[in-house]
Amino acid sequence: MSSTDVTDVLQRAYQDEFETVMNYQTNAIVLDGVRAEEIKESLQTDIQEELGHAEMLGQRLKQLDAQPPGSAEFVARQDSLQPPEDSTNVISVIEGVLDAEEDAIATYRDLIDAAEDNDDPVTEDIAVTILADEEAHRTEFRGFRKEYRTD
Ligand SMILES: [Fe+2]
Ligand SMILES: [Fe+2]
């Protein structure tokens, strides 16, 4: 692997964080009902963390003499996280969040591998830090899914 692979994964991860922010924010607004309140609050908290991730990735790209991408290069990928037609369909949002977090976990594992191959411990450290946050998000939403499935 060449060092461009590290910046490729950093740029992909950066875009994914912004797509996640957009969809979490949209769903936090769209969902209705008393039971959705906890999910909406959790999404709002996670949005701030995902924005923090994007900033860390962007700053690292700059340190590597690369740039974070603008919207012209953006490719949407989160089909399952689109706002549900029925605004009380909380489980659909929970499943979409779990897909997004699984995808993020896979991306940060790719970033760890690429950083290791390129002897880039600073990027690796950033990837491990963010991976821990994404695993915590997944755990939280697995808990919500459990609750909804047993109802
Ligand atoms: Fe994130
Ligand atoms: Fe996350």
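A few comments on the model shown:
- The range 1-41 residues near the modelled SER87 label - backbone nitrogen below 12 Å, point 7 Å along Cα→Cβ: 27-34
- Here is the list for the range 20-108: chymotrypsin sites (Phe, Trp or Tyr not before Pro) lying in DSSP coil, each with at most 16 other C-beta atoms within 10 angstrom of its C-beta, are PHE74.
- Acute angle (nearest 10 degrees) that the helix 90-117 long axis makes with the longest principal axis of the chain, alpha-carbon atoms: 10
- Value of Rg to Rh for the chain, rounded to two decimals, is 1.01; Kirkwood radius and Rg both from alpha-carbon coordinates.
- Averaged per residue, the range 1-141 has 51 square angstrom of accessible surface, using a 1.4 angstrom probe with ligands and nucleic acids left out.
- Value of relative contact order over the range 1-149, rounded to a whole percent, pairs C-alpha under 8 Å and six or more apart: 29
- Estimated FRET transfer efficiency (VAL30, ALA106; beta-carbon r; R0 30 Å; 0.05): 0.70
- Here the accessible area is traced with a 1.4 Å probe on the protein chains. For the chain, carbon and sulfur cover 48 percent of it.
- ASP79 paired with THR129, simple spin-label distance in nm, labels 7 Å along Cα-to-beta-carbon: 3.5
- Here is the list for the range 38-81: trypsin sites (Lys or Arg not before Pro) lying in DSSP coil, each with at most 15 other C-beta atoms within 10 angstrom of its C-beta, are ARG77.
The values are calculated or read from the model by the stated rules, or taken from the named source; none is laboratory data. If you're wondering where the values come from, they're calculated on a predicted model, not measured in any experiment. Cβ: placed from backbone, ideal geometry, glycine included. Neighbour counts: every protein chain shown. The accessibility values were calculated without ligands, DNA or RNA, using every heavy atom of the protein model including side chains. Shrake-Rupley method; radii C 1.70, N 1.55, O 1.52, S 1.80 Å.
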